[in-house]
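Here's the structure we're looking at; comments come further down.
Every read-out reported here was derived from the displayed coordinates using simple, explicitly stated rules and does not represent laboratory data. Fair warning: this is a prediction, and the values are worked out from it, not measured in the lab. Cβ placement follows ideal geometry from the backbone for every residue including glycine, while neighbour counts extend to all protein chains displayed.
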């Protein structure tokens, strides 16, 4: 565990170090954290700062705090929720390739249905967005922003609030990964073809919106896997 770095706020540093220690296995699921005084001294922070961070990590699902008992590490992989995901997304280095792959697999399962619901409930908004698809020559970051905004729009108009919360927490991860993913013009070309097919299907009232989205999300997963072999 590192000593505190001056340019990071004490609470942020403390949260970062505790999460990193849990992820790297320094503290295993079910294990007790060191006593407050010892842990505060190790981290170089005050006990009030440490208590504030521990309470926040408990609310997010990393720890279990019971009065008069040691603080216990939660099995976050099996018992974690959206709070865990948000914590992972907020810190560089905590997002693993396996987590991104799991997310892309999950997207294949949830986005097609929700995109179809969005097209049925508010087709004009989705079509308007698709009409402003970026040019193939724009920077990869700009392309990634458009692609993510389209997905967020589909989620919003599907009226699935749980999916929207999940997507909101993944924004930073997605934009960072896809800024690299969309460097390849052939990948941009595939996405532009997808936007065009999706728009035509919505305008013509076709029933294959779900299949168009599903196939594209599956293709994206396979491309990402090849790029990260």
Expected sort for 138-148, 112-122 on mean C-beta neighbours within 10 Å, highest first, is 112-122, 138-148
Rounded to the nearest 10 degrees, the helix 171-181 long axis (Cα) sits at an angle to the longest Cα principal axis of the chain of 60
Longest principal axis of the chain (C-alpha) makes with the long axis of helix 140-158 (C-alpha) an angle, in degrees to the nearest 10, of 90
Plugging the Cβ-Cβ distance of residue 148 and residue 113 into 1/(1 + (r/R0)^6) at R0 = 30 Å yields, to the nearest 0.05, a FRET efficiency of 0.95
Here FRET efficiency (C-beta to C-beta, residue 200 to residue 79, R₀ 41 Å, nearest 0.05) is 0.40
Simple spin-label estimate for residue 165/residue 31, 7 Å along Cα→Cβ, in nm, reads 3.0
Per the helix-only model, the chain has a calculated mean residue ellipticity at 222 nm (DSSP H runs of ≥4, -39500 (n - 2.57) each, divided over all residues, rounded to the nearest 500) of -22000 deg cm²/dmol
Per the 1/(1 + (r/R0)^6) rule, R0 = 41 Å and r from the Cβ atoms of residue 131 and residue 218, FRET efficiency to 0.05 is 0.95
Among (i) 138; (ii) 130; (iii) 147, the value of volume of the Cα convex hull per residue in Å³ computed for this structure carries the label (i)
With Cα coordinates, the longest principal axis of the chain makes an angle with the long axis of helix 97-121, in degrees rounded to 10, of 50
Once both label points are put 7 Å beyond Cα along the C-beta direction, the residue 55-residue 11 separation in nm becomes 1.0
proj_area_mean for segment 85-211 (convex hull on C-alpha atoms), units nm², value 7.5
